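Participant: Following this message is one structure expressed as C-alpha cells.
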Amino acid sequence: MVFKHPVEPLRWSEKPITFDRRDHWVHLHRPGAYPLVVSPVVSQVCLAKVLIDGGSALDIIFASTLQSMGYDMASLVPSDQAFYGIIPGAGSTPFGRATLPVTFGTRDNYRTEYINFEVAEFETSYHAILGSPSLAKFMAIPNHTYLLLKMPAPKGVLSVYGDLQTSYACEAKNIELSNTLERSRNSVIVAQVAKNLPVD
C-alpha cells in the first residue's frame, strides 16, 4: 500500500532560478574544467577559497581555517564520519564537527544559514567545501559552465560569481599536494621493501 502525503512547498521555492547567456560573465578556454570557488562570510570571517562541490555528501571545513578564525577547537563536537576523495588517495576521519553561520550576498540582499561542518585536519588549497547538504539548505544551484552560483534571497535571486584566478591557483595547489602525497607514499613503500631485504 502506498501512502500519498500532500507536498508542502519548500521555503524559497517560489523564486525561480534560471541561467542564460547574460550569465556568461567571463571567457573560459575550457568551460566546466574549473572548480567553482566562492567567498562567503563564515562566522563573520570572509573565506576567499570555498569550493562548491555538489557531489560531496558532506560540508567540510579545515582545522587550519578554524584556527586562523580564532575558533575554540575545544568546543568541537565529536564525529566519526570518514570521508575520501578531497585529495586523491587520501582518506581522513574528521577532527570533530562545528555548526557555523554561512552568509552570501550584500547588506541589501543576503542569505544566512547554519551549516554543520565536518572538521578535517589534512592540508588542501581550500578553506572549506560546501557540499550537497548546504546547497540544499540554501536552495542554491551551481553552474560550472559560467562559474556561477545562484540562490533565492529576500530581494531576488543572488548571483555569486566564482573567482577564476583563485580557481586556477587552488587547482594547481591541489595537484601539487597530491603529487607530494604520492611521492611520500612511494618513499614509505620503498623504505619498507628495503627493510625486508636480506642482509648479505
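The values are calculated or read from the model by the stated rules, or taken from the named source; none is laboratory data. In this text the structure is predicted, and so the values were computed from the model without any measurement. Glycine also receives a Cβ, built like all others from the backbone with ideal geometry; neighbour counts cover every protein chain displayed.
Participant: Go through (1) over 22 Å from residue 152 (Cβ atoms); (2) surrounded by 10 or more Cβ atoms within 10 Å (Cβ to Cβ); (3) among the charged types (D, E, K, R) one by one and return the number of the condition residue 30 breaks.
Facilitator: Answer for residue 30: the failing condition is (2).
Participant: Check residue 146 against each of (1) part of a strand (DSSP E or B); (2) buried (at least 21 other Cβ atoms within 10 Å of the Cβ) and name the one condition it does not meet.
Facilitator: (1)
Participant: Now, a different point. Which of the residues spanning segment 28-49 are modelled with pLDDT of 90 or more and either in a loop (DSSP other than H, G, I, E, B) or among the polar types (S, T, N, Q) (or both)? First the steps, then the outcome.
Facilitator: The initial filter retains those residues of segment 28-49 that are modelled with pLDDT of 90 or more, namely 35-49.
Hits for segment 28-49 are 35, 36, 39, 40, 43, 44, 47, 48, 49.
Participant: Next up: For segment 110-130, indicate whether the set of residues that are farther than 19 Å from residue 36 by Cα, at pLDDT 95 or above and among the acidic types (Asp, Glu) is non-empty.
Facilitator: Checking segment 110-130: at least one residue is farther than 19 Å from residue 36 by Cα, at pLDDT 95 or above and among the acidic types (Asp, Glu).
Participant: Would you mind stating whether residue 94 is under 15 Å from residue 129 (Cβ atoms), at pLDDT 95 or above, buried (at least 19 other Cβ atoms within 10 Å of the Cβ) and not aromatic (Phe, Trp, Tyr)?
Facilitator: Details: under 15 Å from residue 129 (Cβ atoms): yes; at pLDDT 95 or above: no; buried (at least 19 other Cβ atoms within 10 Å of the Cβ): yes; not aromatic (Phe, Trp, Tyr): yes.
When the stated conditions are applied, residue 94 does not pass them.
Participant: Residue 168 fails exactly one of the following numbered conditions: (1) among the aromatic types (Phe, Trp, Tyr); (2) surrounded by fewer than 20 Cβ atoms within 10 Å (Cβ to Cβ); (3) in contact with a Leu (Cβ under 8 Å, 6 or more places away or on another chain). What is the number of that condition?
Facilitator: Residue 168 satisfies all of (1) among the aromatic types (Phe, Trp, Tyr); (2) surrounded by fewer than 20 Cβ atoms within 10 Å (Cβ to Cβ); (3) in contact with a Leu (Cβ under 8 Å, 6 or more places away or on another chain) except (3).
Participant: Would you mention how many residues in segment 62-78 are modelled with pLDDT under 95 and under 9 Å from residue 128 (Cα atoms)?
Facilitator: The total comes to 1.
Participant: Do you know which residues across segment 16-27 are surrounded by 13 or more Cβ atoms within 10 Å (Cβ to Cβ) and modelled with pLDDT of 90 or more?
Facilitator: Selection gives 17, 19, 23.
Participant: May I ask you to verify whether residue 47 is of a type outside the set (Phe, Trp, Tyr), surrounded by 11 or more Cβ atoms within 10 Å (Cβ to Cβ) and within 13 Å of the chain's Cα centre (by Cα)?
Facilitator: Numbers: of a type outside the set (Phe, Trp, Tyr): yes; surrounded by 11 or more Cβ atoms within 10 Å (Cβ to Cβ): yes; within 13 Å of the chain's Cα centre (by Cα): yes.
So residue 47 passes the test.
Participant: What number of residues in segment 141-200 are under 27 Å from residue 33 (Cβ atoms), modelled with pLDDT of 55 or more and not hydroxyl-bearing (Ser, Thr, Tyr)?
Facilitator: 26
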